[in-house]
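All remarks here apply to the structure that follows.
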Amino acid sequence: MSRSRSWCVGSAAALAVMAFSAGAAHAEVKVADRYAGLGRAATPAEIKAWDIDVRPDFKGLPKGQGSVRQGEVVWEGKCASCHGSFGESSEIFTPIAGGTTAADIKTGRVDSLLPGANQPQRTALMKMATLSTLWDYINRAMPWNMPKSLSTDEVYAVTAYILNLGSIVPAEFTLSDANIREVQERLPNRKGTTTAHAMWPGPEFGGTVKPDVQGSACMRDCRKEVVVKSFLPDYARNAHGQLADQMRLVGSTRGADTSRPAPEAFVPNKPAALSVKAQAAPEKVASAAPSSNAAGAATAAVMPLLQKNACVGCHAMDGKLVGPSFKDVASKYKGRADAVNYLAGKIKSGGQGVWGSMPMPPQTLSDAEAAQLAQWLARDVAP
């Protein structure tokens, strides 16, 4: 190619780039004009207010200090109502301290986390591998009703108090940004995690770019796809109204049309299972079908009554909800001569103590309705 032609080609390319740049700049100006007056650039102070996270290497940790004694005062005033005076917590929150030993602090691995350990519940200090996690969570999320209301020194103090509850630091200890790395080396479970996977952002935490999971796609003799489907048993098919009308019309999930009967002979996942069972013991399958169909018909007959009086809100057919299952009730009073009269009276009057401390309130239904439900429980519900 001649020099003049090379110059022409190069000039054309340069002109094209200049034209594209000018067009992009023009488009940017038009967008700015379109949204003129909306928003502004965040100030350094606003960015700083959001940039509060503390990394495992303690980058982002602010300067400050707080003693165990100071932390105890803050704890009793703002933390103990949820977490208990000694980190034992209430029935809602899991314990913070407990389950660790001096040997764990020495080794960096908590023996109570090993299989077969006689530890009823895992605490926060048992599982925590990085002290930055504790400091950061207290700083951004606590106390529950006023998150981010603690001062930096109060966060250090509360963290120190928790560490003292776990015998990680003594009662006279003062935690600060200067010694927090030394305390990190005393966490009971500091060696209970690994960074040897690609989930960390890079090698600065000891990670690696190699994925932690290796796999290859199946290309031949692959197993057939397993399709898992759910289904509704007859007794629960319309327990909560028309499901098809309760689902969003977005996406692939659709509620079952409970106004129609379920498909006949439906067996989840393996349609041939019923025929195989019938071939193995045809006489048993044939004899079991009439009684099963009769029980299903009886349940379908009382289901509107169960729904009308909200019985299914507290009782399920097989498993315990608020109260015992219908099958458990039927099994308890199976064979009792006065079962129908007894159950009808209990349904009407309510009670407490037979199935636990949760009371069943009296039900406002007629004597005939109570007798119908009691007869269904005593005679038709399979135990």
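Only the coordinates and a few stated rules stand behind these numbers; no lab work does. Nothing here was measured: the structure is a model prediction, and the numbers come from that model. Note that each Cβ is placed from the backbone with ideal geometry, even for glycine, and that neighbours are counted across all protein chains shown.
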Given the pairs Lys78/Lys191; Lys308/Lys332; Lys59/Lys148; Lys308/Lys348, which are separated by over 23 angstrom at their Cα positions? Lys78/Lys191; Lys308/Lys332
Quick calc, Glu182 & Ser331: beta-carbon distance into FRET formula, R0 51 Å, rounding 0.05, result 0.25
Only four residue types carry charge here, +1 at the Cβ of Lys and Arg and -1 at the Cβ of Asp and Glu. Report the dipole size of the range 292-383 about the Cα centre in Debye, rounded to the nearest 20. 140
Tensor-based shape of the range 71-116 (alpha-carbon gyration tensor, a/c under 1.5 rounded, otherwise prolate or oblate): oblate
For Lys106, which aspartates and glutamates qualify as cross-link partners when the Cα separation must be under 12 Å and same-chain residues fewer than eight apart are set aside? Glu185
Asp53 to Asn118: FRET efficiency via 1/(1 + (r/R0)^6), r the Cβ-Cβ distance, R0 41 Å, to the nearest 0.05? 0.65
Going through the range 94-157, which trypsin sites (Lys or Arg not before Pro) have at most 10 other Cβ atoms within 10 Å and a DSSP loop state? none
Mind checking the range 318-383 for trypsin sites (Lys or Arg not before Pro) that DSSP puts in a loop (not H, G, I, E or B) and that have at most 16 other Cβ atoms within 10 Å? Lys334, Arg336
Please give the contour-minus-distance gain from Trp144 to Leu38: 0.36 nm per residue of separation, less the Cα-Cα distance, rounded to one decimal in nm. 34.7 nm
Global geometry of the range 292-383, whether rounded, prolate or oblate, following the gyration tensor of its Cα atoms and the 1.5 cut on a/c: rounded
